[in-house]
Every structure is written in C-alpha cells, then in structure tokens.
1. Rounded to the nearest 0.05, what FRET efficiency do SER4 and ALA101 give with R0 = 30 Å and r taken as the Cβ-Cβ distance? Could you check?
2. How far apart, in nm, are two points set 7 Å out from the Cα along the Cα-to-Cβ line at ASP89 and at GLU41?
3. Points 7 angstrom from Cα along the Cβ direction at MET11 and ALA110: gap in nanometres?
4. To the nearest 0.05, what FRET efficiency results for HIS64 and GLN18 with a Förster distance of 41 Å applied to their C-beta separation?
5. Express in Å², to the nearest 10, the accessible area of HIS64 obtained by rolling a 1.4 Å probe over the protein heavy atoms while all chains stay in place.
6. State, as an integer percentage, the relative contact order of the chain based on alpha-carbon contacts under 8 Å between residues 6 or more apart.
7. SER49: net charge of surrounding residues, Cβ under 12 Å, Lys/Arg +1, Asp/Glu -1, itself excluded?
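The values are calculated or read from the model by the stated rules, or taken from the named source; none is laboratory data. Predicted model only: the values in this text are computed from it and were never measured. Every residue, glycine as well, gets a Cβ built from its backbone with ideal geometry; the counts of neighbours run over all protein chains shown. For the accessible areas, the whole protein counts, side chains as well, though only heavy atoms, and no ligand, DNA or RNA atoms are used. Shrake-Rupley method; radii C 1.70, N 1.55, O 1.52, S 1.80 Å.
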Amino acid sequence: MTSSELLTYCMGKPGAEQSVENQRGANQVKVGDAMFAMVCEIDGREAISLKASPELAEQLRATHPDIVPGDHLNKAHWNTVFLDGSLPDSQFYYLIDGSYALVVSGLPEAIRQEIGR
C-alpha cells in the first residue's frame, strides 16, 4: 500500500477535501471541515493516522505492531498505521472507512445532508 493509493481512496469519499498541514508537511483529508485521515511520514516511514473509537483504537494497537497511538494527535481517538508493515491492504480500507464514518456521524445534520450521508 502506498501513500498515493491511500490518498486516492480517501479522496473518493463523498465531501472529502485535501489540504497540506504546513508545519509537518502532512496531507490532511477532511469532510465537513473535520479531519478523518492524515497521510504523513514519521521517522522516515510513511504512515496514515485515522480516527477510531477509544475501545477500537486500543484493540487495534494491542493486535497489530504496525498500529501505534496517533502521532501528535489525541491518542485516545487516533491511531497511526505504518504503511511498510505487515497489515493487509484490506485492513487499511476498513480503517479508513471506519474513520470516515465516525467523523461524518459527528457532523451537524445539515452538513451530512449536504454531502449525501
């Protein structure tokens, strides 16, 4: 899985918009002005940070060595997943879908209707 493939998948979500976080050079992907993914490089390794419920975030970290607490993000809700590990591609898509759904569910109803969710 490459960062380019992940960005393309994220940008395929309804209402997704990409911006660059200048301080770190990370590619943020937002829906309704709320971030659901951030593709970045950490210590020379490509990674993606994704939102999850605190329970799922902990479970994923305990199960997969390539999933760690979110780098420079709220560690209760954000995981950073390294792209060069052993996580199967399907797991990345599952985690992105979950992050997107979680963020969209927290958006005001008017914004959800505007993006068609």
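1. So, using R0 = 30 Å, E works out to roughly 0.85.
2. Modelled inter-label distance: 2.3 nm.
3. Modelled inter-label distance: 2.9 nm.
4. Computed FRET efficiency for HIS64 and GLN18: 0.95.
5. Its accessible surface works out to 50 Å², give or take rounding.
6. 24 percent
7. The answer is -1.
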